[in-house]
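Student: A single structure is presented below for examination.
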């Protein structure tokens with residue numbers, strides 16, 4: 001097995017941090033510094049089952065996050081509009097930073113509008 005400590009093993013699940021991993025170790029009755037190589041396969045399966053039933057991890061967490069983002073977009077909240085535009089959502093500065101993600105969206109929109117203009121036969125004027 002591995003020489004890693006139990007709380008570090010539990011932290012490898014997506015969505016579990018330090019405090020949650022230590023609380024899960026207490027619930028299981030193990031010291032958080034116990035090495036994984038000293039645990040039996042049955043114990044590891046028990047740990048995996050407890051983590052998956054008590055905490056949202058991996059695909060379930062990703063699904064919940066995507067669902068919340070789509071909900072914000074559909075109700076057209078401020079956060080949803082920022083997500084739609086590809087801009088920072090949590091109040092970060094955009095005057096001098098943070099516009100690279102927005103410029104990618106703008107560049108694709110610009111190329112789309114330019115290609116649609118030439119397809120229709122309109123003259124291109126870039127000021």
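Student: For the range 23-39, give me the residue count where each residue is part of a helix (DSSP H, G or I) and farther than 12 Å from residue 51 by Cα.
Tutor: Qualifying residue count, the range 23-39: 4.
Student: Sticking with this structure for a sec: Residue 19 fails exactly one of the following numbered conditions: (1) part of a helix (DSSP H, G or I); (2) at pLDDT 90 or above; (3) surrounded by 11 or more Cβ atoms within 10 Å (Cβ to Cβ). What is the number of that condition?
Tutor: Only one criterion is unmet by residue 19, namely (3).
Student: So residue 65 passes all but one of these: (1) within 30 Å of residue 100 (Cβ to Cβ); (2) modelled with pLDDT under 90; (3) out of contact with any helix residue (DSSP H, G or I) (no Cβ under 8 Å at 6 or more places or on another chain). Which condition number does it fail?
Tutor: (2)
Student: Quick check on my filter: what residues within the range 1-11 are surrounded by fewer than 17 Cβ atoms within 10 Å (Cβ to Cβ), at pLDDT 90 or above and not in a helix (DSSP H, G or I)?
Tutor: Across the range 1-11, the qualifying residue is only 4.
The values are calculated or read from the model by the stated rules, or taken from the named source; none is laboratory data. In this text the structure is predicted, and so the values were computed from the model without any measurement. Positions of Cβ are backbone-derived with ideal geometry, glycine not excepted, and every protein chain shown enters the neighbour counts.
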